[in-house]
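Nothing in this text is a laboratory measurement; each read-out follows from the coordinates by a stated rule. Everything numeric here is computed off the predicted structure, so don't read it as measured data. Quick reminder, even Gly has a Cβ in these numbers, built from the backbone with ideal geometry, and neighbours come from all protein chains shown.
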Amino acid sequence: MTTPAAAPLLKMLLAQTRSELLIRWRVPAFSVTNLVLPIVFFIFFGLPIAHLRSGDGVSIGAYLLASFGAYAVGNVMVYGFGIGVANERGMKIDRLMRASPLPPFVFMLAKVVTALLFALLALVLLIGFGIVAGGIREPPAVWATIITRLLAGSLPFIALGFAIGYWSGPNAAPAVANLVYLPLSFASGLFVPLSQLPDFVQRLAPYLPSYHYAQLAWSALGAGHESLGESLLWLGGYSALFLTLAVRFYRREERAKFA
Amino acid sequence: MPPVVEARGLTKRFGDVEALTGLDLVAEPGQVTALLGPNGAGKTTSIALMLGLRRPTAGQALLFGLDPDDRRARSRCGVMLQESGTTGMLTVREIVNLFRAYYPSPLPAARAIALAGLDARADARAGTLSGGERQRLYFALAVCGDPEALFLDEPTVGMDVETRRGVLESIRALSATGKTIVLTTHYLEEADQLAHRIVVIDRGVVIADATPREIKSRIPSKRINFRPETAVGDTTFRGLPVQNLEIADHRVHLLSNEPEVVLQALFERGVVLRDLEVTGADLEEAFLSLTRRA
């Protein structure tokens with residue numbers, strides 16, 4: 001009798017992703033903040049001025065949907081990984097995982113796939129809401145470009161989430177995630193367009209990751225402030241920085257728990 | 001075929017503390033090995049080193065002849081750890097199904113859940129389980145992959161009598177089907193019921209490695225208890241097969257495997273006894289005497 005020596009990795013990834021999706025769906029702290037919060041913010045900050053156009057003819061509604069879309073994806077990543085990983089560490093889920101035949105990279109990959117699916121859902125709901133409730137019209141290809149770019153460019157926020165998750169304890173993680181991500185989003189002009197923010201914030205913004213991340217979406221509407229290459233360079237740099245931090249905190253944890 | 005576990009000179013130091021010193025252990029296929037010892041003896045560390053959850057300071061552990069981190073080795077092992085958790089948001093069945101996907105040829109989920117006696121709670125979220133039920137869920141996760149080897153760290157801790165009996169029954173049934181089992185316990189009774197071989201560990205050192213029968217013959221089975229009418233001291237018992245001798249409040253307590261020999265000698269030494277009681281020693285108490293002596 002020949003039995004395979006190990007279960008196929010794809011089967012593991014599918015089962016793991018399915019579980020992660022169920023867990024995220026069942027934890028309101030994740031599902032509500034991920035899916036509903038961006039829409040609520042858009043209702044307050046975006047809907048009242050959605051019908052306006054900027055001087056160069058860009059729809060303010062579409063511009064703000066792009067902004068809140070960038071906020072929504074980063075939100076899914078920073079909160080999902082930050083709080084999720086910190087919680088799992090607190091519950092010592094990692095120990096049993098370590099002893100199981102599941103390779104750690106499949107465990108991580110399932111989390112990333114789940115987060116991307118949630119981010120996609122958050123974008124579809126947000127943009128759908130903008131179209132239906134705000135009457136915002138753009139060609140489907142523009143929406144598709146915004147969605148694709150925001151999902152593909154989310155690596156720095158995945159890394160930031162992992163860094164927070166491995167750095168802070170389960171009780172501190174929500175506070176840390178909020179303290180890092182909300183000011184970052186605000187100062188990057190995701191809630192209120194940069195031109196309406198105080199002068200020092202306008203000067204600070206071009207150094208922040210969320211600013212360059214939102215450019216990916218804004219430039220799809222012809223409203224970007226920099227070239228795509230420039231944005232990607234910044235995002236690559238921030239990815240490297242946050243990944244370095246995440247790996248550092250992860251190693252510290254490894255030494256304490258599994259050395 | 002390589003042994004399931006092959007540990008040579010396993011040593012683990014945490015800072016200044018040597019948690020385990022030179023553990024040698026070979027678990028052959030089909031054998032049930034119990035690591036027996038009081039809390040803090042180094043049993044959990046032993047399991048962690050065998051499974052590659054921790055790196056030994058010295059020595060080496062192999063699983064099925066492979067590095068313990070090797071996925072092929074892991075795929076042949078089911079594991080129940082003491083300090084581990086699982087998500088509370090999935091049901092028992094969902095978590096069992098998830099773990100089944102980690103293994104090449106798992107048991108049907110219902111079978112794993114039945115082995116753990118969790119049928120009635122199969123659709124309950126893990127977060128709603130009681131401590132004992134949670135422990136049974138971990139047991140289900142250990143067996144659901146139908147692995148050749150099971151590593152069970154204190155499998156019955158926190159279980160009530162009824163549950164414990166059920167899980168011991170399941171372990172015996174699994175052993176009967178040829179599974180190799182390495183378990184830790186601080187109950188001699190549990191080790192005696194389940195194991196082909198008992199490795200007694202105390203303060204990181206193996207102090208006995210033998211069959212349950214041999215271990216039991218080495219530990220005192222009777223407790224003798226009397227009030228001496230004449231003065232007695234430690235010297236009174238010199239050369240006699242006694243352990244855990246306590247002389248206090250005009251009473252003498254001791255443990256022995258040969259109560260007749262002890263009493264005979266005491267009479268010959270002119271000791272006058274009152275209120276003599278000879279009872280079966282509590283196994284746990286007797287076992288403690290074995291570790292204390294080391």
Measuring from the longest principal axis of the C-alpha atoms of chain B, the long axis of helix B:259-268 (C-alpha) lies at a number of degrees, nearest 10, equal to 20
Quick calc of log₁₀ I(q)/I(0), the protein assembly as shown, Debye, one scatterer on every Cα, no solvent, q values 0.05, 0.07, 0.09 1/Å, result -0.32, -0.55, -0.78
Excluding residues fewer than 8 positions from residue B:43 in its own chain, the lysines with Cα under 24 Å of it are A:92, A:257, B:12, B:179, B:216
Once normalised by the length of chain B, the mean sequence separation of its alpha carbon contacts under 8 Å that are 6 or more apart gives a contact order in percent of 19
Computed about the Cα centre, the charge dipole of region A:113-259 from +1 Lys/Arg and -1 Asp/Glu charges at the Cβ has a magnitude in debye, to the nearest 20, of 420
quick note, region B:207-273, DSSP beta bridge pairs, % antiparallel (nearest 5) is 100
Residue by residue through region B:154-165, the couplings from Karplus 6.51 cos²θ - 1.76 cosθ + 1.60 with θ = phi - 60°, in Hz, x for Gly and Pro, are 6, x, 9, 4, x, 9, 6, 4, 4, 4, 4, 4
Protection proxy (average C-beta count within 10 Å per residue), highest first, orders A:246-253, B:69-76 as B:69-76, A:246-253
Note: B:77-86 gets an average of partner chain Cβ contacts (10 Å, Cβ to Cβ) equal to 5
Rounded to a whole number, the mean other protein chain Cβ count within 10 angstrom for residues of B:88-100 is 4
Ranking A:201, B:27, A:31 by how far each Cα lies towards the positive end of the charge dipole of the protein assembly as shown (+1 on Lys and Arg Cβ, -1 on Asp and Glu Cβ), the top one is A:201
The summed charge of the residue B:104 Cβ neighbourhood (under 12 Å; Lys/Arg +1, Asp/Glu -1) stands at +4
Tilt, helix A:228-258 to longest principal axis of chain A (alpha-carbon atoms), in degrees rounded to tens, equals 30
Under a Gaussian network model of chain A whose springs join Cα atoms within less than 10 Å, the largest fluctuation of A:100, A:154, A:67 belongs to A:100
Candidates A:11, A:111, A:92; GNM for chain A (alpha-carbon contacts under 10 Å) flags as most fluctuating A:11
Per residue of B:63-74, other chain Cβ atoms within 10 Å number on average 2
When chain B is treated as a Gaussian network with springs between alpha carbons less than 10 Å apart, the largest mean-square fluctuation among B:148, B:162, B:28 is found at B:162
The size of the Cβ-based charge dipole (Lys, Arg +1; Asp, Glu -1) of chain B about the Cα centre, to the nearest 20 debye, is 640
Once normalised by the length of region B:174-253, the mean sequence separation of its alpha carbon contacts under 8 Å that are 6 or more apart gives a contact order in percent of 19
Rounded to the nearest 5, the percent of antiparallel DSSP beta bridges in the protein assembly as shown equals 65
Most packed first (mean Cβ within 10 Å per residue), the peptides B:12-19, B:236-243 order as B:236-243, B:12-19
Taking chain B and counting helices only, DSSP H stretches of n ≥ 4 at -39,500 (n - 2.57) each over all residues, the nearest-500 ellipticity at 222 nm comes to -9000 deg cm²/dmol
Computed over region B:74-207, the relative contact order (Cα-Cα under 8 Å, seq sep at least six) in percent reads 28
antiparallel share of DSSP beta bridges within region B:147-214, to nearest 5, in %, is 50
